[in-house]
Structures are given as C-alpha cells and as structure tokens.
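Right, one structure below, let's go through it.
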Number of protein chains: 2
Amino acid sequence: MPNQNIPHPPTIAIVGVTGLVGAQALQILAERNHPSARIHCYGSPRSVGKHIDYQGIQLHIKPLDQLATDAIKCSIDYALLCADAPTAVNARDLLSHTQTTIIDNSSAFRLDPDVPLIIPEINAHLLALCPRVVANPNCSTIMLLAALAPIRQAIGIASIQLTTYQAVSGAGKAALAELRNQSQAYLDGNTIPPSVFPTPCAFNVFEHESPIDPATGFNGEETKIIQESRRICNDPNLQIFPTCVRVPVERAHTQSIVIELDAPSTVAQIRSLLDCPGIKLSDPGAPLTPRDAANQNDIHIGRIRIDPASHHRRAALWICADQIRKGAALNAIQIMDALQSDKASRAQTSQAVV
Amino acid sequence: MPNQNIPHPPTIAIVGVTGLVGAQALQILAERNHPSARIHCYGSPRSVGKHIDYQGIQLHIKPLDQLATDAIKCSIDYALLCADAPTAVNARDLLSHTQTTIIDNSSAFRLDPDVPLIIPEINAHLLALCPRVVANPNCSTIMLLAALAPIRQAIGIASIQLTTYQAVSGAGKAALAELRNQSQAYLDGNTIPPSVFPTPCAFNVFEHESPIDPATGFNGEETKIIQESRRICNDPNLQIFPTCVRVPVERAHTQSIVIELDAPSTVAQIRSLLDCPGIKLSDPGAPLTPRDAANQNDIHIGRIRIDPASHHRRAALWICADQIRKGAALNAIQIMDALQSDKASRAQTSQAVV
C-alpha cells in the first residue's frame, strides 16, 4: 500500500533488471502501479539496448555507467541493486556523489559495520540514521528471522536449529534450466551432467552449492545465515546451527526449524503470536508445501509443534516462502517503503517546525 | 557373508515377494547365492500363480494360506514378512503351530513388548531368547539409530533432532509411478492430481503422508521414530524430536541430524567412531546425496560438523541410506543371520556337551 504522506512516488533505478530478483522487483512495482516514468532499468552488457515489458510499456535497458548521470539528471531516489557483489561495489562507487540511496541485494555490504542490514519487521529503526547504503539479507536469513521475530520478542529464543529445502531458482535462471533439462533426461533414461550445481539436481537433494569452509565444514549459505542473524538480532552470541540443502523445487524455500524457548509455551500461544501481517498461518493439520508459497508475498507457516519431552520449551515450525519475493525483491522494496516513510515524517516535522 | 558354522543354508519364505521390500529381499538372497530350492515365495491374490525370476530360475508365487503347510512340509526356518500389518498378523497366526521364526517388516508387532524390535548393530543380544516373532523397525528408525550407535556407545547422546528427506519409494510402487507421471506432466505444463500422496509430489516437498495426531501435530512416521527409538535404545525418556518430509527422490532416504552430546567431541573423533562395518564415510567436503546411496547396503554419512558455539557438544550429521535395503530387507536378513549364528552356537555347545 503506498504511503499516503508521500505526494510523489519515488524515482527508482533497478540494476540487474533481467535477473530473477530484478525482474521480480519490477513486477512488484507493477502490482503497485508505480509510474513507469519513475523507473530506470540497467542491465549487463548482454541486455543493454533491449527492452523489458512493464504494464505493456517497453522500458529501455541502459548500461550501468549511465547510472551516475541519470541519478543526478532524473533525481533517482533509490537504486535497487539486484546483481552480484562486484556490480554492487561498482554501482556504490558510481553513486558516491549523488543523493541516491542504495538498497543492495548482494552479499557485498551485509557484514559492513557502516551499512545497516535490514529486515523491516525487526530493525527498521536503523533506517532513521539515513544510511546511503542499506543491505538486504540473504533470502534464508530473511524468512527465518521474519518468521521467528514475534516469538523472539514475546517469549525469547535460546537457540535456533534449521534445516533447509531450498529451491534451485536461488541459484538463478541457469539453475532452473538445469533442473528442467536434467529432469526430462532422467525420465527418458538419459543423463545430463551437472554444470550449475556440483551434483545432479534432478530427483536428488544435495548440500547448498556455496563454498565449504574446510576448517568448520560449513557451506557459505550456512555461514551467511549465522553471521547475518547475529548482526540483525544484535546478538553476537546467538545460538544458531543451520544445515542448508537444495531440493528439486523450482521456486520458494522451505525451512524445518527447531527453537529452544526462554520460557514454556504452547502451540496456541505461538499461533497467536504469528497471526500478524506478512505471515500466513496454515490450519493445524493442513498440508503446506513450497508450491503453495511460490509467487506469494507472505511467509507461510505450518506444522507448529511442541516437543512433549521438552517441558514445553522446544518448538518446531515448518515455513515456506518465495525467496525471490520476501527473500529478496519484496524485502528490498519494503526497506524502500520504510525509508520513504521516514523521509515523509521528517518532511512533516520540518514543515511543522517552519 | 554366509556363516561358516552353518552347514545348510536356512529355508526361507518371503511373503509379499512382488512388493518393493519382498523383491529386494529376494535380490539380496540372489547376491548371496542362496539356493533357490530353499526359497518359497508368497504373494497377494493378484500375484498368485505368477512367477518371479531368481538367478534365471522362475520361482512360483504361492498363496499365503499355503504357508502353514509348507512351513511344516518343507521345514521353513524363517518367514520374512514383507507385507502390510494385517497380512503380518494373519501370517503369524497361520504359523503359530510351526517351528518357523517370523521376521516382520510391517508395523504390526513393533511395539509389542513380547516381540523384540531389532537393529543387529544395537540389540542383537535380544535374539538369544529365541523369539518366535522378531520385528524390523521403521526404515527411518533403522538408519538413524544404526548411524548414531557408535557415537551413543562411546560418547553418549543427550538429545536427537532430525529432519528427513524421504524418497517416495517408501510409499511403494504406486508412489514411484505417481512421481514419474506428475513430473512428466509438470515439465509439459500439465497437471496430474495426486492420488497416492495428499499433495503434488513432483517438484515439491511435503510432510510425510502418514496420519497426523491432532493432539500433538506429529505425523505417524514421526511417532514411530520416537516410540521405536525409545524401545530399541531401552530408554523411555530418550529425547528425540523428528520432522518427517517427503522429497521428489526415487530411492534412498536422507536425514539431517543434530545431536547434543554427553561430552565434548571433535569431528575427528566422530569420524573415527563411525569408521565401522555397515557405514561408508564421505570424505570431508565431498558431496553426498541420496542418489549415491541408492541400491547400496551401507549407510552413507557425510557433513559431520561441530557447532562452534556449543562448546563442542552439539554435532550435525548428514546421512543417506537405501531405505529398502538397510531400512527394510537387508536389516531383516541381518536379523536372520544373527538368529542363524545363535542357532549354530547353540548347536556347537550342545554337541560339545554330548
């Protein structure tokens, strides 16, 4: 819902508009009827000069080195970076002498102490400091912490264990094609060797493909979840032990979560805490799968259980969320909404002072 | 390996020989060159009168009501029941006046205090009591406890949490067909509604299809794992909290396990404990997937990690095992081996006494 205090919708640059996250950001803007004149699209050399459809209008895809000039000339308020970390660093440098606020989806700035790492449901207050760059967390971190936030606030969480079922689209468009091609070959009795992933993805499950730290055995996705969760929860000792796994699902990640609570609880209490905006609770006993959560904004939560042997202090949750929406593009746009809302409040306050 | 103390291989009945577990039992006997004359096959009315290939020999599939006569006439030593629980009860009753020992793969007798529930690596000593019926645990219970047994014995385990990635073949042949048919339809842009499973299985993950206990929210598979593990470990208070999930994999189950240890440990110590018969350890950092474990007898274990925030007391393991072999047919045959070995020891002892 657009904020009523803001007279003009912001002018937005999307960097990496042809990727899964960039295209999703554009689609969310279309769902909100954001005016096309206030959207600027940038792509890699492969996409530059092409067009991308936006509500029937063909938006021109511009080269990244035009971003700085456009930022000043067109008064770009926000640059949504939907590309890799090197591109993000490059865009940040290009925009260093502009008024554009950067919201970055890559891992480039997530652990930078000068850059707030934001899940609006948890730490939007950090945006009041008017950061020039804001980092969007890893998709798995976002869905995990956004789902647990109401429980953490009301009851307290002593430790988190999670095992993931991550969709291949988290690894991009080529991964989706690999899943489809390998699946067809498998059904035909043939084999297509893996190229995007290190192991066959069709009719298989496998450890997340990010590099493994030989010292700890953790893969990069697991390390990201630990480090980012500790930053976002502002708790460097947060007990969190993830196992990250890919499954042959096209879209929407699933997590099986077990939490140790600071106080005894019940399924009814947890359900009541989770009955809040941004979360869709499944009915008890009803099936919940990633295919239900695909292309949805809400985090879907089901299978809330209390371990009967835990004196009501250990709970399990099953959560499914579209990792390209809430796990990336939507969270970035929600960060932009929160920044806009802060800006509007400040404008009102300064008007009142005048 | 056949036991050298036994002059004659036992005579074996396989009940439900055309099912996935029965056919697997027959295949394991073939791999051991068990003499075909000492194998009797029984099937449902649909299969009776047909033949099943055994090393190029066509074995006749007989009706179940011939089992009692055959048991006496042909001196059947062991009946491997590879059918559902009602059939198991029926076969037990049919064999009540015979010398045949029953090894049952169904859930019929698993919680019967008069029937030992056996994973040979853990509690084969209970077979010394010459039980008339022995129960084979649930496939998920077998792979979990067999993998953890060396750690439990050497270090002690305070609690177990597991999240599963279970192959559809655990639900039988029709489930395999459903996965293939739905997958092809999905790739073609069509939909085939689920019939074996409550939700679409292709390109999806979903809660195990066993009935959900409305009081606790646990599904039947989870309850089985808890109850059977407590029996097998002889610890009614064993802390174990499972989440059971199906994935679009044809064969071999995977489990993501987190254990709290009774004493601090290291990855090196755990690897050294798990270096034992029946377990195949993956090299650190090497990928391990259910497709690697399919059609293998060993339980494959990889991704052994210690949570650095746990003072070396929390460990994770990733295990893959063919649930039709070690999770069912192989474990049943290993129970038979242990019973044979006991019988041979007793024969030797009584000969020595004579």
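Here, each number is a calculation from the coordinates, and none is a lab measurement. These numbers come from a predicted model, not from an experiment. In this analysis, Cβ positions are derived from the backbone assuming ideal geometry, glycine residues included, and neighbour counts consider all displayed protein chains.
Of note:
- For the protein assembly as shown, a simple Cβ point-charge model (Lys and Arg +1, Asp and Glu -1, everything else neutral) yields a dipole of about 260 debye relative to the Cα centre.
- Placing unit charges on the Cβ atoms only, positive for Lys and Arg and negative for Asp and Glu, gives chain B a dipole magnitude near 440 debye about its Cα centre.
- Neighbour counts of other Cβ atoms within 10 Å put A:H40, B:H97 in the fewest-to-most order B:H97, A:H40.
- Ratio Rg/Rh [Cα only; Rh per Kirkwood] for region B:152-266: 1.08
- All lysines inside 20 Å of B:K73 as judged from Cα atoms, apart from same-chain residues fewer than 8 positions distant: B:K62
- With 10 Å bins beginning at zero, the pair-distance distribution over Cα atoms of region B:205-354 amounts to 10, 27, 36, 19, 7, 2, 0 %.
- Descending Cα extents along the principal axes, chain B, whole Å: 63, 61, 41
- Going by neighbour counts of Cβ atoms within 10 Å, the residues A:S265, B:S44 line up, fewest first, as B:S44, A:S265.
- Of the trypsin sites (Lys or Arg not before Pro) found in region B:314-354, none is in coil by DSSP with at most 12 other Cβ atoms within 10 Å of its Cβ.
- Among beta bridges that DSSP assigns inside chain A, antiparallel share in %, nearest 5: 50 percent
- Each other copy holds its own label point for A:N295; taking that point as 7 Å from Cα along Cα to Cβ, the gaps run 3.9 nm, nearest first.
- When the listed pairs A:K280/A:K326; A:K173/A:K326; A:K280/A:K343; B:K173/B:K280; A:K224/A:K326 are checked against a 20 Å cut-off, the alpha-carbon distance exceeds it for A:K280/A:K343; B:K173/B:K280.
- Note on region A:59-128: Cα-only Rg and Dmax are 12.8, 36 Å.
- Check: region A:82-167 dipole with +1 on Lys, Arg Cβ and -1 on Asp, Glu Cβ, in debye: 160 debye
- Evaluated at q = 0.20 Å⁻¹, a Debye calculation over the C-alpha positions of region A:2-75 (equal weights, vacuum) places log10 I(q)/I(0) at -0.84.
- Nearest residue to the symmetry axis between A and B, taken on chain A by its Cβ, in whole Å: A:T163, 2
- Ranking A:P200, A:C233, A:Y186 by how far each Cα lies toward the positive end of the dipole of region A:186-244 (charges on Cβ) leaves A:C233 at the top.
- Taking the label point 7 Å along Cα→Cβ, B:N181 and its counterparts in the other copies are spaced 3.0 nm apart, in ascending order.
- Positive end of the dipole of region B:141-323 (Cβ unit charges, origin at the Cα centre): among B:I319, B:G156, B:A146, the Cα lying farthest that way belongs to B:G156.
- Stokes-Einstein D in µm²/s, Kirkwood radius over Cα pairs - region B:45-164 at 4 °C with 1.567 mPa s viscosity: 79 µm²/s
- Radius of gyration, Dmax [the protein assembly as shown; alpha carbons; angstrom]: 29.0, 113
- Across the identical copies, the label point of A:D53 (7 Å from Cα in the Cβ direction) is separated from its matches by 5.2 nm, in order from shortest.
- Helix-derived mean residue ellipticity, 222 nm - over chain B, DSSP H n ≥ 4, -39500 (n - 2.57), to 500: -9500 deg cm²/dmol
- Antiparallel bridges, percent of DSSP beta bridges restricted to region A:141-323 (to nearest 5): 75 percent
- Size check on region A:268-339: the Cα extents along the three principal axes, sorted descending, read 43, 28, 16 Å.
- Going from the fewest other Cβ atoms within 10 Å to the most, the residues A:K50, A:K73 appear in the order A:K73, A:K50.
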